[in-house]
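Participant: Okay, here's the structure, questions in a sec.
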Amino acid sequence: MKLDILVFAAHPDDAELACGGTIIKHTSNGFKVGVIDLTKGELGTRGSDKIRLKEAEAASEIMNLTLRENLGFDDGFFLNDDLHKKVLIEKIRKYRPDIILTNAPSDRHPDHGRAAQLTIDSCFLSGLEKIDTNQKLWRPKAIYHYIQFNNLNPDFVVDITTHFEQKIDAVKSYKSQFFNPKSKENNTIISSKDFFDSIEYRAKDLGRQTACDFAEGFISHQLPKLDFLNNFK
Ligand SMILES: [Zn+2]
């Protein structure tokens, strides 16, 4: 099976939070999108790995994903080393995506930057003949970082105005993680009301700057190329 877009995420919920609207926009328009979470988020203060997996399933349905997998790497401790790269190379060669989305190059959670570099390295290595995995070579055409906790400057945005509500529904699937006044678990930064509100105010602010209601920002790993100068709406 060939995917149009493959999203790598350090933790279940990274993809929904940072690029859920973009994913939903593409699946709603016929693109095949898959998400591969590297870890089960088992070190999260709230919830558990089992709960997170169930929540990810619910979010995957809302986003209409072609596939969702979990690699079961160690949350907080996975490395960007030969073993982990090989696992990603096999996934990239298996699903042959044109576009890769990955975590922010640096972020509050150190797993995010490490996941991003692991993804970049694996995409390059996946195109090398002498790395033999009994699969055909594949190198994605583009890698884009989604922006999550820290306010990094995007290189471009995707207008998600018509899919913003669905994105919020996907994020709300993670009942154990985010703002929930009924929860009896310990509070965390991401379970605060302010964090939940930030999803909307950031999308609105990026929309304000680009003449739409809601947008998600991305950082391009490679030099972005336009076909014509009017490549915008
Ligand atoms: Zn994360």
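Participant: For residue 75, work out the one condition from (1) away from the ligand (no atom under 13 Å from the Cβ); (2) within 27 Å of residue 195 (Cβ to Cβ); (3) crowded, with 18+ Cβ neighbours inside 10 Å it doesn't fulfil.
Facilitator: Among (1) away from the ligand (no atom under 13 Å from the Cβ); (2) within 27 Å of residue 195 (Cβ to Cβ); (3) crowded, with 18+ Cβ neighbours inside 10 Å, the lone unmet condition for residue 75 is (1).
Participant: While we're looking at this one, here's another question. Looking at (1) within 16 Å of the ligand (Cβ to nearest atom); (2) in a helix (DSSP H, G or I); (3) of a type in the set (Ser, Thr, Tyr); (4) open to solvent by 10 Å² or more (accessible area, probe 1.4 Å), can you tell me which one residue 162 breaks?
Facilitator: Single failed check for residue 162: (1).
Participant: Something else about it: Quickly run through region 190-224 and pick out the residues that are of a type outside the set (A, V, I, L, M) and assigned to a strand (DSSP E or B).
Facilitator: 216, 217, 218, 220
Participant: Could you tell me how many of the residues in region 81-117 are within 16 Å of the ligand (Cβ to nearest atom), open to solvent by 50 Å² or more (accessible area, probe 1.4 Å) and not small (Gly, Ala, Ser)?
Facilitator: Looking only at that region, the number is 6.
Participant: If you check residue 121 against the conditions, is it away from the ligand (no atom under 16 Å from the Cβ) and either surrounded by fewer than 19 Cβ atoms within 10 Å (Cβ to Cβ) or within 20 Å of residue 218 (Cα to Cα) (or both)?
Facilitator: In short, yes.
Participant: Let me ask you something else. Tally time: how many residues in region 176-204 are under 19 Å from residue 150 (Cα atoms) and surrounded by 14 or more Cβ atoms within 10 Å (Cβ to Cβ)?
Facilitator: So the answer is 12.
Participant: What are the residue pairs meeting all of these: first residue in region 155-167, first residue touching a residue at least 12 places away in the same chain (Cβ under 8 Å), second residue part of a helix (DSSP H, G or I) and of a type in the set (Ser, Thr, Tyr), Cβ atoms under 7 Å, and 6 or more apart or on different chains?
Facilitator: Once the first residue is touching a residue at least 12 places away in the same chain (Cβ under 8 Å) and sits in region 155-167, its partners that are part of a helix (DSSP H, G or I) and of a type in the set (Ser, Thr, Tyr) give 158/22; 160/22; 163/28.
Participant: Would you check if there is a residue in region 21-40 being under 16 Å from the mean Cα position of the chain (by Cα), within 16 Å of the ligand (Cβ to nearest atom) and either at pLDDT below 95 or farther than 22 Å from residue 98 by Cβ (or both)?
Facilitator: yes
Participant: Would you point out the residue of region 10-42, among those that are more than 18 Å from residue 120 (Cβ to Cβ), touching a strand residue (DSSP E or B) at 6+ places or on another chain (Cβ under 7 Å) and without any contact (Cβ under 8 Å) to a residue 40 or more places away in the chain, that is least open to solvent (accessible area, probe 1.4 Å)?
Facilitator: By that ranking, first place goes to 33.
The values are calculated or read from the model by the stated rules, or taken from the named source; none is laboratory data. Keep in mind it's a predicted model, so treat the numbers as computed, not measured. Quick reminder, even Gly has a Cβ in these numbers, built from the backbone with ideal geometry, and neighbours come from all protein chains shown. Only protein heavy atoms, including side chains, enter the accessible area calculation; ligands, DNA and RNA are left aside. Shrake-Rupley method; radii C 1.70, N 1.55, O 1.52, S 1.80 Å.
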